[in-house]
Structure formats: structure tokens, C-alpha cells
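The values are calculated or read from the model by the stated rules, or taken from the named source; none is laboratory data. Just so it is clear, the model here is predicted, and its values are computed rather than measured. Cβ placement follows ideal geometry from the backbone for every residue including glycine, while neighbour counts extend to all protein chains displayed.
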């Protein structure tokens, strides 16, 4: 059977979640679990929205609601990304995110459609919704990325309120970390909510019934990172790529390893050449493993992709990566991705 998973949170707007194992599907109503039942049926419709990690379910719900209310795909992925950004219990994204080693919460985000429009911010401080600032960069400037103080100045000029992002809980975790000041990423920490080592990102991709595509990615980065560090997430072609008529891809895990191979762009290129999303994600992980060898032995790197037909693929270096899929009926399921290495290092 599948395992339990958090499925509420800010922005939750109904629908239902299905927790998927290799053999069975457990349908769970978001209003409660009294009517839970086991089924073997495949999702009723093609995928509309996909996102990384268990907490992607709440993001998908907000994105689905926005799209069904008449929003564009860009509106949908922005609304979805805002959910973890505002979730104080999620220490990997936005408000409540853990700071860098100097105690500053810095945020990265990117938003992109299939018409070549892209906007991003990196190392942004004091703004609650970096994904919305990234959208303003896309729509109101000739640039694709603003960083640091310039990004903050732009956000304030656009009417975004300054917000203290370092919560008492995050500050306490940082001060506790300072006692040893030992930084070491932990694989799949995104699903271990509340840990002082939470890090990483949410990537969310959407494919409309007409094959149009959009995507977003937002993060507070790795906990206790070096000040000024920016990972793959806000970089077009690394943490996110959208290609018209082909598909979209996003990444999660250790951003430096994704950046080395321009992972999301590699996956969309593979799909353009005829690979399905699953094979394209697998190839990217295999390439990292071959390129880096022992350097990534204990590192998690994972990819999620959707093509213009609404087909989904996901693959990880280590087991433990999960992702949320919402179909065109609003049905959401949580899946465990296949991985290159099993628990004992065996191929999976």
C-alpha cells in the first residue's frame, strides 16, 4: 500500500488525493479518510499539473483551481508556487525557509511559458512571493533575471511589501546549527518536514488540454548555504525548461549537480529527439552519475517532466523522491519515482 502524506496546507481548495504504490492506489478524500478505498485503476485523464515532492499536492490544488477559474497556465503555476512560499511549516521554500550561514533568508524563483517568456530572481530578500516578482521581471522588464539588492529594489518599486522572512523557528534552527557549523545536504530531506536541514525547491509544470505549457520553480535554497550561493532553481535550462510543442522539465536535489549538465534543458532536448519523459529523466540522472561518480554517491538529484501530450516522467539518483500529479478532472496522486540506486546501492 502507499504511505500517508501531508495533503493540506495553504491554498488547499478541494479535490482528492491518491497515494500510489507499485501495486495499488489508495484514494483519500481531502476532507477526511473515512471513505478511503483501494483501486487499481489508472488516472482518469491525462496529466494537467505536476510538481515535486509530497507537498506539491497542495500546490497542485491551488494551480488547478486557478486554471479552472479561467486563469492561464502562467496564472496556474504562479498560484501553485505561492502555496509553499507562504507555508511557514515548509522550511525549503519561502516564508519559514532556513537561512544561509550568516542568518539571511534568500529566495530564488523562475517562471516560464512556451512562447519564450521567462523571468527569474535570485538571492532575493524580504519579499514573501519571489515567484510573483519573477513574473513581473518577465512581464515588465527586458531582462530574464534580477538578483540580490537589485531584485529587492525592483520588487518594492512594483508594490511588493517587505516582509521579515526569518521566523523564530528558523532562527532557532540556525543558531543551533552554528554550534557545529557543519553543512551537509541530506537526501530527500524535503519529505522530512521540520528538520533543521530542510532545503531545496518546488518545481511545478502545467500542460493544457491544447498542449500549451508553462512552469515555475521556487526555493529558499539549501539550509545554511554560503551567502550568495545560487543553485539550479532560478536558472533557465537548469532548474526549469519549457519548450513549445515538446514539453517541460524541472529538477530537485543538489542544485550544483543539476547545473553541471543544464539538466532541465537536457531533458527537453531528449524529448524533442523522441524520448518519452520517463526515458529523458532517466538519461539525465545516468549522465550525472557517470560524469560525477563517487562525488555524487550519497547525493540526491531528481527530475520531473511532462510532454505536450500530458505524459509524465520522473527519475531520481537515490530512492525517496516523490511527486504529485493532477489530471484534468482534478484528481491528484502522489507517486514514488524510480531511482538509479536502491537502498543497498542496487540498480532499481
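Worth pointing out:
- Those residues of the stretch 255-270 which are out of contact with any helix residue (DSSP H, G or I) (no Cβ under 7 Å at 6 or more places or on another chain), surrounded by 22 or more Cβ atoms within 10 Å (Cβ to Cβ) and within 10 Å of residue 231 (Cβ to Cβ), in sequence order: 255, 258
- Candidates 163, 144 - the one that is under 23 Å from the mean Cα position of the chain (by Cα) and farther than 22 Å from residue 98 by Cα: 144
- Test: residue 313 is at pLDDT below 95, touching a helix residue (DSSP H, G or I) at 6+ places or on another chain (Cβ under 9 Å) and not in a helix (DSSP H, G or I): no
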